[in-house]
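K.L.:
Take this structure, written in structure tokens, and hold onto it; I'll ask about it next.
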Amino acid sequence: MIEIRRFEVGYCTHPGCIALQGASFKACKFPARAWLLQNNHQRWLFDTGYAQHFYDHTRHGIIRLYRSITPVYFDTKDSLVNQLQREGISPADINGLIISHFHGDHIAGLRDFPQIDYICSGDGWQKTRKLRGFSALKNAFVPGLIPEDFETRVKFYEAFPRCPLPDELQILGEGFAVNTEKTLLIVPLPGHAAGHIGLCVLTEQGWILLAADAAWSPTNYRQLRGPMAIANIIMDDKQAYYETLNKLHEIDKRHVEIQLCHEGELV
């Protein structure tokens with residue numbers, strides 16, 4: 001079984017209605033979450049949230065607009081690496097860092113975890129790796145957040161062993177096993193960003209789906225109310241996004257816990 005620990009690593013703000021049709025124009029707080037996943041002998045991270053590197057690499061050029069459009073609030077003491085160190089966990093204790101997708105608020109802390117394996121979508125990386133200028137901004141990708149040795153350490157989940165999902169999660173297709181026990185399974189959740197993935201995690205309480213940015217609020221998938229049309233600008237594939245949202249709707253009806261990365265305080 002896997003134990004899950006959730007960390008909040010900074011946050012951004014923007015109008016709630018952007019994330020959920022019908023919500024107010026009031027600026028809402030959207031936390032950037034990361035997860036520690038561990039069993040008796042291994043530890044993995046899922047995303048990193050913000051880090052000082054985000055500020056360092058969004059100071060110049062068109063990418064400056066990233067943190068203007070979604071103002072970021074972050075204190076260095078709250079970086080994921082610092083929060084883990086306060087728990088007695090160092091980067092060397094991590095077996096792998098799983099990247100849900102390449103938006104800046106999910107990869108800002110990669111440089112804080114040297115010499116460990118990164119795990120992501122190979123297709124997503126190939127579609128993202130060369131983006132610069134306006135194309136990078138549109139895809140919320142900050143090239144400077146990627147460590148120089150990234151490609152020597154990255155493993156693509158598409159090469160991992162395939163395995164069937166439990167009945168309550170079968171609507172997602174098949175899983176890709178991160179560990180030999182097959183209690184940590186990567187699943188594609190396409191639409192939001194190129195190569196966007198989630199994790200199916202078997203805990204003592206049952207399966208939990210870490211769905212990253214497949215939705216920004218439980219209301220998105222429970223009422224099938226997506227974001228405002230303007231949010232489609234940054235989506236990789238609008239049709240795939242809504243297909244994924246419908247799958248989350250069905251999974252939620254089966255009483256599987258779904259955890260989202262941002263889950264804003266929408267009103």
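The values are calculated or read from the model by the stated rules, or taken from the named source; none is laboratory data. These figures come from a predicted structure and were not determined experimentally. Here the Cβ positions follow ideal geometry from the backbone for every residue, glycine too, while neighbour counts run over all protein chains shown. Surface areas here come from the heavy atoms of the whole protein model, side chains and all, with no ligands, DNA or RNA. Shrake-Rupley method; radii C 1.70, N 1.55, O 1.52, S 1.80 Å.
To keep it simple, each residue is scored yes or no on (1) closer than 30 Å to Leu224 by Cα; (2) of a type in the set (A, V, I, L, M).
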residue: Arg33; (1), (2): yes, no
residue: Arg67; (1), (2): yes, no
residue: Tyr73; (1), (2): yes, no
residue: Ile89; (1), (2): no, yes
residue: Gly96; (1), (2): no, no
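K.L.:
Please state which of the following conditions Ala215 fails to meet, knowing it meets all the rest: (1) small (Gly, Ala, Ser); (2) within 17 Å of the chain's Cα centre (by Cα); (3) more than 19 Å from Cys120 (Cβ to Cβ); (4) open to solvent by 10 Å² or more (accessible area, probe 1.4 Å).
P.N.:
Condition (4) is where Ala215 drops out.
K.L.:
Does Gly191 satisfy the condition of being touching a Lys or Arg at 6+ places or on another chain (Cβ under 8 Å), open to solvent by less than 40 Å² (accessible area, probe 1.4 Å), within 13 Å of Ser100 (Cα to Cα) and touching a residue at least 60 places away in the same chain (Cβ under 8 Å)? Reasoning before the result, please.
P.N.:
Values: touching a Lys or Arg at 6+ places or on another chain (Cβ under 8 Å): yes; open to solvent by less than 40 Å² (accessible area, probe 1.4 Å): yes; within 13 Å of Ser100 (Cα to Cα): yes; touching a residue at least 60 places away in the same chain (Cβ under 8 Å): no.
Spelling it out, it is not the case that Gly191 is touching a Lys or Arg at 6+ places or on another chain (Cβ under 8 Å), open to solvent by less than 40 Å² (accessible area, probe 1.4 Å), within 13 Å of Ser100 (Cα to Cα) and touching a residue at least 60 places away in the same chain (Cβ under 8 Å).
K.L.:
Within the set of pairs 6+ apart or on separate chains, which have a first residue in region 53-71 that is touching a residue at least 12 places away in the same chain (Cβ under 8 Å), a second that is in a loop (DSSP other than H, G, I, E, B) and among the hydroxyl-bearing types (Ser, Thr, Tyr), and C-beta atoms under 7 Å apart?
P.N.:
Tyr66/Thr58; Arg67/Thr58
K.L.:
Could you please give the count of residues in region 169-198 that are part of a loop (DSSP other than H, G, I, E, B) and within 20 Å of Asp237 (Cβ to Cβ)? Before the answer, list the steps.
P.N.:
Quick first cut of region 169-198, residues part of a loop (DSSP other than H, G, I, E, B) only: 173, 178-183, 189-196.
This time we only want the ones that are within 20 Å of Asp237 (Cβ to Cβ), so: 173, 189-196.
Looking only at that region, the number is 9.
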